[in-house]
Amino acid sequence: MNTTTNTQQTNAGSDQPQPADGYAGNVSPQLAWQWVQDGQAVLIDVRTDAEREWVGYVPGAVAVAWKQWPGMAMNASFDEQLRAAVPVGGKAVLLCRSGVRSVAAAKRAAELGVEAYNILEGFEGDVDAGGQRNRVGGWRFRGLPWRQ
(Lines give C-alpha, C1' and ligand atoms only; values in the text may rest on other atoms or scores of the structure.)
Protein backbone atom coordinates (compact mmCIF):
# COMPACT_ATOMS: atom_id res chain seq x y z
CA MET A 1 0.00 0.00 0.00
CA ASN A 2 1.35 3.45 -0.83
CA THR A 3 1.55 6.45 1.49
CA THR A 4 -1.37 8.22 -0.18
CA THR A 5 -3.58 5.20 0.34
CA ASN A 6 -2.61 4.88 3.99
CA THR A 7 -3.37 8.56 4.55
CA GLN A 8 -6.71 8.19 2.80
CA GLN A 9 -7.68 5.26 4.98
CA THR A 10 -6.64 7.07 8.16
CA ASN A 11 -8.68 10.15 7.29
CA ALA A 12 -11.67 8.32 5.83
CA GLY A 13 -13.82 8.60 8.95
CA SER A 14 -13.15 12.29 9.48
CA ASP A 15 -16.07 14.69 9.64
CA GLN A 16 -13.87 17.53 8.37
CA PRO A 17 -12.23 18.02 4.98
CA GLN A 18 -8.53 17.20 4.84
CA PRO A 19 -6.17 19.67 3.12
CA ALA A 20 -5.13 19.04 -0.46
CA ASP A 21 -2.84 20.61 -3.02
CA GLY A 22 -4.55 22.07 -6.07
CA TYR A 23 -8.19 21.59 -5.03
CA ALA A 24 -10.44 22.28 -2.02
CA GLY A 25 -9.68 19.09 -0.08
CA ASN A 26 -10.33 15.42 0.60
CA VAL A 27 -13.45 14.18 2.35
CA SER A 28 -14.61 10.88 3.73
CA PRO A 29 -17.36 9.04 1.87
CA GLN A 30 -19.64 9.69 4.85
CA LEU A 31 -19.05 13.46 4.84
CA ALA A 32 -19.50 13.61 1.06
CA TRP A 33 -22.85 11.82 1.38
CA GLN A 34 -23.91 14.15 4.21
CA TRP A 35 -23.14 17.20 2.07
CA VAL A 36 -25.07 15.72 -0.87
CA GLN A 37 -28.08 14.91 1.31
CA ASP A 38 -28.00 18.42 2.81
CA GLY A 39 -27.90 19.99 -0.67
CA GLN A 40 -24.43 21.43 0.00
CA ALA A 41 -22.66 19.60 -2.85
CA VAL A 42 -23.21 17.82 -6.14
CA LEU A 43 -21.89 14.25 -6.31
CA ILE A 44 -19.90 13.78 -9.52
CA ASP A 45 -19.00 10.20 -10.48
CA VAL A 46 -15.87 10.44 -12.63
CA ARG A 47 -15.62 6.69 -13.35
CA THR A 48 -16.14 5.32 -16.83
CA ASP A 49 -19.57 4.41 -18.13
CA ALA A 50 -18.44 0.76 -18.08
CA GLU A 51 -17.46 0.93 -14.40
CA ARG A 52 -20.83 2.36 -13.40
CA GLU A 53 -22.64 -0.25 -15.51
CA TRP A 54 -20.63 -3.28 -14.36
CA VAL A 55 -19.69 -2.40 -10.77
CA GLY A 56 -22.51 -0.16 -9.60
CA TYR A 57 -23.44 3.48 -9.20
CA VAL A 58 -24.68 5.96 -6.62
CA PRO A 59 -28.30 6.98 -7.24
CA GLY A 60 -28.50 10.70 -7.98
CA ALA A 61 -24.81 11.08 -8.81
CA VAL A 62 -24.02 12.97 -11.98
CA ALA A 63 -21.92 10.91 -14.38
CA VAL A 64 -19.03 12.98 -15.74
CA ALA A 65 -16.32 10.53 -16.75
CA TRP A 66 -12.73 11.74 -16.38
CA LYS A 67 -11.57 9.11 -18.87
CA GLN A 68 -13.58 6.81 -21.13
CA TRP A 69 -13.38 3.08 -21.67
CA PRO A 70 -12.09 1.40 -23.76
CA GLY A 71 -8.62 2.86 -23.96
CA MET A 72 -9.04 5.28 -21.05
CA ALA A 73 -8.93 8.31 -23.33
CA MET A 74 -9.60 11.66 -21.68
CA ASN A 75 -13.21 12.78 -21.83
CA ALA A 76 -13.02 15.75 -24.21
CA SER A 77 -16.35 17.02 -22.81
CA PHE A 78 -15.32 16.87 -19.13
CA ASP A 79 -15.17 20.66 -18.65
CA GLU A 80 -18.50 21.27 -20.34
CA GLN A 81 -20.25 18.41 -18.52
CA LEU A 82 -18.87 19.48 -15.13
CA ARG A 83 -19.94 23.09 -15.64
CA ALA A 84 -23.43 21.89 -16.56
CA ALA A 85 -23.63 19.71 -13.43
CA VAL A 86 -22.34 22.13 -10.79
CA PRO A 87 -24.00 25.53 -10.35
CA VAL A 88 -21.75 28.60 -10.45
CA GLY A 89 -20.33 29.00 -6.94
CA GLY A 90 -21.34 25.44 -6.10
CA LYS A 91 -19.41 22.67 -4.43
CA ALA A 92 -18.68 19.24 -5.94
CA VAL A 93 -17.56 15.96 -4.39
CA LEU A 94 -15.84 13.69 -6.90
CA LEU A 95 -15.95 9.90 -6.78
CA CYS A 96 -13.86 7.35 -8.69
CA ARG A 97 -12.95 3.71 -8.08
CA SER A 98 -10.29 4.18 -5.40
CA GLY A 99 -9.91 7.91 -4.78
CA VAL A 100 -7.02 8.45 -7.21
CA ARG A 101 -8.54 9.48 -10.59
CA SER A 102 -10.87 11.80 -8.72
CA VAL A 103 -7.83 13.76 -7.48
CA ALA A 104 -6.90 14.65 -11.06
CA ALA A 105 -10.53 15.49 -11.80
CA ALA A 106 -10.77 17.65 -8.65
CA LYS A 107 -7.67 19.57 -9.70
CA ARG A 108 -9.20 20.25 -13.11
CA ALA A 109 -12.51 21.23 -11.52
CA ALA A 110 -10.67 23.70 -9.27
CA GLU A 111 -9.00 25.20 -12.35
CA LEU A 112 -12.52 25.74 -13.71
CA GLY A 113 -13.50 27.61 -10.55
CA VAL A 114 -15.42 24.79 -8.84
CA GLU A 115 -14.97 24.17 -5.12
CA ALA A 116 -13.99 20.54 -5.64
CA TYR A 117 -13.36 17.77 -3.10
CA ASN A 118 -11.97 14.30 -3.69
CA ILE A 119 -13.86 11.48 -1.95
CA LEU A 120 -11.29 9.38 -0.12
CA GLU A 121 -11.28 5.61 -0.76
CA GLY A 122 -13.48 5.93 -3.86
CA PHE A 123 -16.38 3.65 -4.71
CA GLU A 124 -14.57 0.33 -4.27
CA GLY A 125 -11.69 1.14 -1.91
CA ASP A 126 -8.20 -0.31 -2.06
CA VAL A 127 -7.32 -3.89 -2.83
CA ASP A 128 -6.97 -6.22 0.15
CA ALA A 129 -4.20 -8.79 0.70
CA GLY A 130 -6.05 -11.14 -1.67
CA GLY A 131 -6.20 -8.54 -4.45
CA GLN A 132 -9.93 -7.85 -4.10
CA ARG A 133 -11.75 -4.56 -3.62
CA ASN A 134 -14.80 -3.63 -1.50
CA ARG A 135 -13.22 -5.06 1.66
CA VAL A 136 -10.87 -2.22 2.62
CA GLY A 137 -12.74 1.07 2.60
CA GLY A 138 -14.77 2.67 -0.13
CA TRP A 139 -18.29 3.97 -0.66
CA ARG A 140 -19.82 0.49 -0.82
CA PHE A 141 -17.82 -0.82 2.15
CA ARG A 142 -19.04 2.13 4.25
CA GLY A 143 -22.65 1.11 3.59
CA LEU A 144 -23.61 4.22 1.64
CA PRO A 145 -26.35 4.08 -1.03
CA TRP A 146 -25.53 2.38 -4.31
CA ARG A 147 -27.21 0.22 -6.93
CA GLN A 148 -26.14 -2.23 -9.57
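The values are calculated or read from the model by the stated rules, or taken from the named source; none is laboratory data. None of the values given here were measured: they were computed from a predicted structure. Note that we place each Cβ from the backbone using ideal geometry, even for glycine, and neighbour counts take in every protein chain shown. Heads up: the accessible areas ignore ligands, DNA and RNA and are worked out on the full protein's heavy atoms, side chains in. Shrake-Rupley method; radii C 1.70, N 1.55, O 1.52, S 1.80 Å.
Side notes on the structure shown:
- Checked against (1) in a strand (DSSP E or B); (2) farther than 18 Å from Gln148 by Cα, Ile44 passes all but a single condition, namely (2).
- Residue in segment 121-140 that is surrounded by the most Cβ atoms within 10 Å (Cβ to Cβ), counting only those that are of a type in the set (Gly, Ala, Ser) and more than 19 Å from Val58 (Cα to Cα): Ala129
- Looking across segment 53-90, the residues that are outside any loop (DSSP other than H, G, I, E, B) and within 14 Å of the chain's Cα centre (by Cα) come down to Tyr57, Val62, Ala63, Lys67, Leu82.
- Of the set (1) outside any loop (DSSP other than H, G, I, E, B); (2) open to solvent by less than 30 Å² (accessible area, probe 1.4 Å); (3) modelled with pLDDT of 95 or more, all apply to Thr5 but (3).
- The residues in segment 60-99 that are of a type in the set (A, V, I, L, M, F, W, C), open to solvent by 80 Å² or more (accessible area, probe 1.4 Å) and out of contact with any helix residue (DSSP H, G or I) (no Cβ under 9 Å at 6 or more places or on another chain) can be counted, and the count is 4.
- Sub-7 Å Cβ pairs linking a first residue in segment 64-75 that is more than 19 Å from Leu43 (Cβ to Cβ) to a second residue that is buried (at least 17 other Cβ atoms within 10 Å of the Cβ), at least 6 apart or interchain, are Gln68/Thr48; Gln68/Asn75; Trp69/Thr48; Ala73/Lys67; Met74/Lys67, ordered by first then second residue.
- There is at least one residue in segment 78-92 that is touching a residue at least 40 places away in the same chain (Cβ under 8 Å) and under 19 Å from Leu144 (Cβ atoms).
- The set of residues in segment 43-59 that are over 22 Å from Gln30 (Cα atoms) and open to solvent by less than 30 Å² (accessible area, probe 1.4 Å) comprises Thr48, Ala50.
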